[in-house]
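First comes the structure, then the notes that go with it.
Just so you know, all these numbers are worked out from the coordinates, no wet-lab data involved. What you are looking at is a predicted structure, and each value in this text was computed from that prediction instead of being measured. Counting neighbours? That spans all protein chains shown, and the Cβs are built from the backbone with ideal geometry, glycine included.
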Amino acid sequence: MTTQQQRQTARQHGIGSGFGALSTADDVLDGIDLSGRTALVTGGYSGLGLEISRALSKAGAHVVVPARRPGAAQAALEGTGRVEVQPLDLADQDSVRHFADRFLATRRTLDILINNAGVMACPETRTGPDGAWESHFAINHLGHFALLNRLYPALRPGTARVVSVASSGHFLSDIRWTDPHFHQGYDRWLAYAQSKTANALFALHLDTVGAAGNGVRAFSVHPGSILTPLQRHIPREEQLAQGWMSDDGTPAQGFKTPAQGAATAVWAATSPLLDAHGGAYCQDCDVAEPATTDDMLIGGVKPWARDPESAARLWQLSAELTELGGALA
């Protein structure tokens, strides 16, 4: 094990945050004043993202919500103060570039970036150059990779935090290095799983280069099991068969409310307890433990989502795919 791997492994243990699985986003922000700070939350108008946006705004932050459907975002966020909606389609690299250019032109400083938007278990869909990119990898990972690299000049040196919303779904797949875009044998669950491993590795490498560069810290989080519009591609019959809900639609025991699911991302974005734990994978408002079982309800983090060499390799691959030659090293 390399020295860098030993450092990363040492960080990946609980720190006794005082919060837990039942804590809400408002709970973890109690007593924290975000006045004067700017946060950006992708997908911040639906499901967990909506709860994250509301909690950050309530704590005083100005929240920018990029949205593929700006009208729907405006309607969902009606009544939420200090929020602005801007158009952005993470599946479209030109849209990412235009959004970032507009934001940078305002000369605003960005304090919090939460990469929350995503798709789950979609039918096979392709995007990117010549339709070569698998949609989970393209939206959940490459869209956020490009967004971060283009917005990096706006991140406040020394204090900015980037949070990548991953999932225990990463248990199902490492990065498929020989075929990340599933040109052979598409599987919707493995495609989702790979993208969630990518989210964790993205945060791991970003923290390495960000902390060394200008003090920007990054974290990945598993929000828990929550029923939200993210499951829109999964038939109700399948959700019932998986035991996610009862016949009347009540979430299964162990599932969180959206407010509880939003808590870990908000905690990772703001807690001073994490100052010395950059790059950590978090769950239930604490640093997660290494996974010792394959039970995704218990959670934790698998070793392939904590490998610094894989994180650096994925970063390089992502820079090549997005043609961001000036991306962070």
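Worth pointing out:
- Rounded Å value of the spacing that divides the Cα centres of the range 277-329 and the range 26-84: 25
- Farthest towards the positive end of the charge dipole of the chain, among the residues 177, 211, 52, is the Cα of 211, using unit charges on the Cβ of Lys, Arg, Asp and Glu.
- Cα gyration tensor shape for the range 1-111, rounded if a/c is under 1.5, else prolate or oblate: oblate
- Length available on full extension from residue 106 to residue 13: 0.36 nm per residue minus the Cα-Cα distance, which gives 29.5 nm.
- Kirkwood radius, the range 250-329, all distinct C-alpha pairs, inverse of mean reciprocal distance: 15.2 Å.
- Counting DSSP beta bridges with both ends in the chain, the antiparallel % (nearest 5): 15
- The shape of the range 134-233 comes out prolate: with a ≥ b ≥ c from the C-alpha gyration tensor, a/c is at least 1.5 and a/b beats b/c.
- Cα-based shape type of the chain, given that a ≥ b ≥ c are square roots of the gyration tensor eigenvalues and the cut on a/c is 1.5: rounded
- With the simple spin-label model, which puts each label point 7 Å out from Cα in the Cβ direction, the residue 313 to residue 94 separation comes to 3.4 nm.
- Stokes-Einstein diffusion for the range 63-142, with the hydrodynamic radius set to the Kirkwood value over Cα pairs and evaluated at 37 °C in a medium of 0.692 mPa s, equals 234 µm²/s.
- Interatomic Cα distance distribution for the range 18-177, bins of 5 angstrom, percent: 2, 8, 17, 21, 20, 16, 10, 5, 1, 0
- Sequence ranges 129-136, 179-186, 276-283, ranked by mean other-Cβ count within 10 angstrom, highest first: 276-283, 129-136, 179-186
- For the peptides 212-222, 138-148, 19-29, the ranking by packing is 138-148, 212-222, 19-29, with the highest mean count of neighbouring Cβ atoms within 10 Å listed first.
- Taking each DSSP H run with n ≥ 4 as -39500 (n - 2.57) and averaging over every residue of the chain yields -10000 deg cm²/dmol at 222 nm.
- Remark: the residue 69-residue 126 segment gains 18.6 nm on full extension, using 0.36 nm per residue and subtracting the alpha carbon distance.
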